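> First the structure, then my questions, so here it is.
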Amino acid sequence: MRTRIVPIVLVLLLAVLQWQLWTGRGSMRDVAQLREKLVVQKEANAKAALANERLTSEVSDLKEGLEMVEERARAELGMVKPNEVFVQMTH
């Protein structure tokens, strides 16, 4: 009787471990989903890094040179210099 209990307990333990491997927390499915989320997040981070670099460059241009300030004032605010004529063209 006692010799049958040990293999049954071991088989049950193996079944529980297999069930957790395939369906529990940290299962194969969860790992695959997390890997997909990681890929998506890395892509979003790369896009954000590019946007940050562009904004950093624009900020440094605004701090250092007046040409960028003048360009922005002309484009966004429609400002003109004295003795200039502003002509707006639409497409």
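The values are calculated or read from the model by the stated rules, or taken from the named source; none is laboratory data. Given the structure is predicted, the values throughout are model-derived calculations rather than measurements. Glycine gets a Cβ as well: all are built from the backbone with ideal geometry, and neighbour counts include every protein chain shown.
> So in region 17-41, with the set limited to residues that are loosely packed, with under 11 Cβ neighbours inside 10 Å and β-branched (Val, Ile, Thr), which one is nearest to the chain's Cα centre (by Cα)?
Looking at the filtered set, the residue picked out is Val40.
> Is there any pair with a first residue in region 27-45 that is closer than 28 Å to Val16 by Cβ and a second that is at pLDDT below 95 and of a type in the set (Phe, Trp, Tyr) whose Cβ atoms are under 9 Å apart and which are 6 or more apart or on different chains, and what are they?
Sorted first by the residue in region 27-45, then by its partner, the pairs are Met28/Trp22; Arg29/Trp22.
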